[in-house]
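To keep things clear, I will list the structure first and then write my remarks on it.
Values in this text are rule-based calculations from the coordinates and carry no lab data. Fair warning: this is a prediction, and the values are worked out from it, not measured in the lab. No Cβ is skipped: glycine too gets one built from the backbone with ideal geometry, and neighbour counts run over all protein chains shown.
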Amino acid sequence: MNDLDATLAALADPTRRKVVDLLRDGPRRAGDLAATAEMSPPAMSRHLRVLRANGLVEVESGEDDARLRLYRLRPERFVALQGWLDQVQAFWSEQLGAFKAHTERTRGPERR
């Protein structure tokens, strides 16, 4: 599985997308994420493990307390995903532009 496939597979789950949305506001503890998502800490840990394994989030230790673990987004995979989406969008924009040009060439004079 390539990186894009792994990213899409990880984001296929709505709970993991919610975690990504929550982390857009900044780093958070797993317990805070679990409480906000209304799920058990072990269930949240499983989702965070998938996101970490696929390079979408990373963990940082707190400055004052090494036991404090904050999760935050890693931009690299999201940049790659956006690049792929931009390519798909460019394809469809080109196709729609070609269709518009074709209809304008083949359409007769407008009648009013």
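Over the stretch 3-77, what is the relative contact order in whole percent, taking alpha-carbon pairs under 8 Å and six or more residues apart?
Working: 85 pairs, mean separation 25.8, N = 75.
Worked out over the stretch 3-77, it gives 34 percent.
Selection among 14, 33, 50 by position relative to the dipole of the chain gives 14 as farthest towards the positive end (Cβ unit charges, Cα centre).
Normalised Debye scattering of the chain at q = 0.15, 0.16, 0.24 Å⁻¹ gives log10 I(q)/I(0) of -0.71, -0.77, -1.30, counting only Cα atoms as equal scatterers and leaving out solvent. Charge dipole of the stretch 3-77 (Cα centre as origin; +1 on each Lys and Arg Cβ, -1 on each Asp and Glu Cβ, all else neutral): 200 debye, rounded to the nearest 20. Only helices enter this figure: runs of n ≥ 4 DSSP H residues, each worth -39500 (n - 2.57), summed and divided by the residues of the chain, yield -21000 deg cm²/dmol at 222 nm to the nearest 500.
Helix 14-23 and the long axis of the chain differ in direction by around 80°, with both axes built from C-alpha atoms. In this structure the amide hydrogen of residue 57, modeled in the peptide plane, comes within under 5 Å of the amide hydrogens of 52, 74, none closer than 5 places in sequence on its chain.
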